[in-house]
Protein chains: 2
Amino acid sequence: MTGSPARDAASDAPSDAAGRVWTGMRTLVLERHDRRRQVTEATGLSFVRVKALRRIAAGPLSMRELAARLSTDKPYTTLVVDDLERRGLIERTIHPADRRQRMLAVTPEGLRIAQIARGILDDPPEILRDLPRADLAALDRVITALVEAEHPAE
Amino acid sequence: MTGSPARDAASDAPSDAAGRVWTGMRTLVLERHDRRRQVTEATGLSFVRVKALRRIAAGPLSMRELAARLSTDKPYTTLVVDDLERRGLIERTIHPADRRQRMLAVTPEGLRIAQIARGILDDPPEILRDLPRADLAALDRVITALVEAEHPAE
DNA sequence: TACAATCATTATGGTTGTACAACCAATTGA
DNA sequence: TCAATTGGTTGTACAACCATAATGATTGTA
């Protein structure tokens, strides 16, 4: 994959629209409205644990699948899941068809915590909500299509 | 919030446009196109160090300011800056008007590394570049305005 | 001059994240 | 049946991160 044409690495702003959009999105998500700290404080969990919990809350899955989703290795996944289980937020059960696999599922308490995290993370910044209807609709149409296009199955 | 049973913890999409846009942006930036690993491999620096280096490359600043920008404390900032200095990527100089302060500035080599990081982080994903011109222009207009509105001074 | 306040560093300790090797249990298939 | 494979755990080691307290140097000020 050949990237974009020659780009001036020294200039401060990207010269093309795609670059501006990308950098803008990263600025908003990573700098202006990063809620990691809030979430770890509200849940008492480290951020990977929150990600793991949310993933499990979205539907049962195996250790292997969870490790892939967190893009980490299996041993560390075991560590994280051990902790979540110790706290009573998830449960391990043996996969009925393959006794090697552990299926992970949230407990009611785990679901509660996951929803707290969701409330914080997915809460759109005011400035987005205050956008003119037409602008918001435009963003919605294009961005939703982008997400969908990359992962049609999900 | 309707609380319908279909509203399943972390899985489904928010019902309003702002929520969909926000979650979509987060998905693209944090899940689909996270380049932390690439950057740390390409630069040989941990990610906070990359952030610190980029911040210094954007213009000289003091330890206190850098700590605030990285939203961390001063002692840890000292640690990070020590490492960058040891690698010859930045230089500490005493502030001419206030000898307590250290002003941080990149070296030529530091600038080179910062540009490598920038090339990776700010390179927009293909799917964004391949967007129809009108869609891209719409995103550009709205998102650039958003970023600008939040930080008019910068 | 004495005092408090500010900027940065040193020292220390703990948690979290990441990687790798070795291992056990269950499954698959020659 | 037995070797290879897969899913997961244990053990170990280290790097990265983050906080708190104490210290030194400099500045501004009563």
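Output the 0 to 90 degree angle, nearest 10, between the alpha-carbon long axis of helix B:108-121 and the longest principal axis computed from the alpha carbons of chain B.
10
Got the relative contact order for the stretch A:59-154 handy, in percent, Cα pairs under 8 Å and 6 or more residues apart?
On the way: 64 pairs, mean separation 19.9, N = 96.
21 percent.
What number, in nm² with one decimal, is the all-direction average of the projected area of the convex hull of the alpha-carbon atoms of the protein assembly as shown? Please report the intermediate quantities before stating the final value.
Values: hull surface 75.9 nm².
Seen from a random direction, the Cα hull of the protein assembly as shown projects 19.0 nm² on average.
Probe of 1.4 angstrom, ligands and nucleic acids ignored: what's the accessible area per residue over the protein assembly as shown, in square angstrom? Each step should come with its number before you reach the end.
Working: 17010 Å² over 308 residues.
The answer is 55 Å² per residue.
Could you tell me how many cubic angstrom of Cα convex hull volume the stretch B:34-123 has per residue?
Values: hull volume 7.9 nm³, N = 90.
It is 88 Å³ per residue.
On C-alpha positions alone, give me the angle between the axis of helix A:133-150 and the longest principal axis of chain A, in degrees, nearest 10.
Orientation of helix A:133-150: about 60 degrees from the principal axis.
How big is the A-B contact in terms of buried accessible area, both chains counted, 1.4 Å probe, rounded to the nearest 100 Å²? Spell out each step's value before the answer.
Working: alone 11420 and 11170 Å², together 17010 Å².
The summed interface area works out to 5600 Å².
May I ask you to give the percent of accessible area on chain B that is carbon plus sulfur, with a probe radius of 1.4 Å? Display every interim value, and only then the final one.
Working: 4410 of 8370 Å².
So the carbon and sulfur contribution to the accessible surface is 53 percent.
Can you tell me the orientation of helix B:17-26 relative to chain B, as the angle in degrees between its alpha-carbon axis and the longest Cα principal axis, to the nearest 10?
40
Let me cross-check A:Met63: its accessible surface, 1.4 Å probe, with only protein heavy atoms counted, in Å² to the nearest 10?
We get 30 Å² for A:Met63.
The values are calculated or read from the model by the stated rules, or taken from the named source; none is laboratory data. If you're wondering where the values come from, they're calculated on a predicted model, not measured in any experiment. Note: accessible area is taken over every heavy atom of the protein model, side chains too, but ligands, DNA and RNA are not part of it. Shrake-Rupley method; radii C 1.70, N 1.55, O 1.52, S 1.80 Å.
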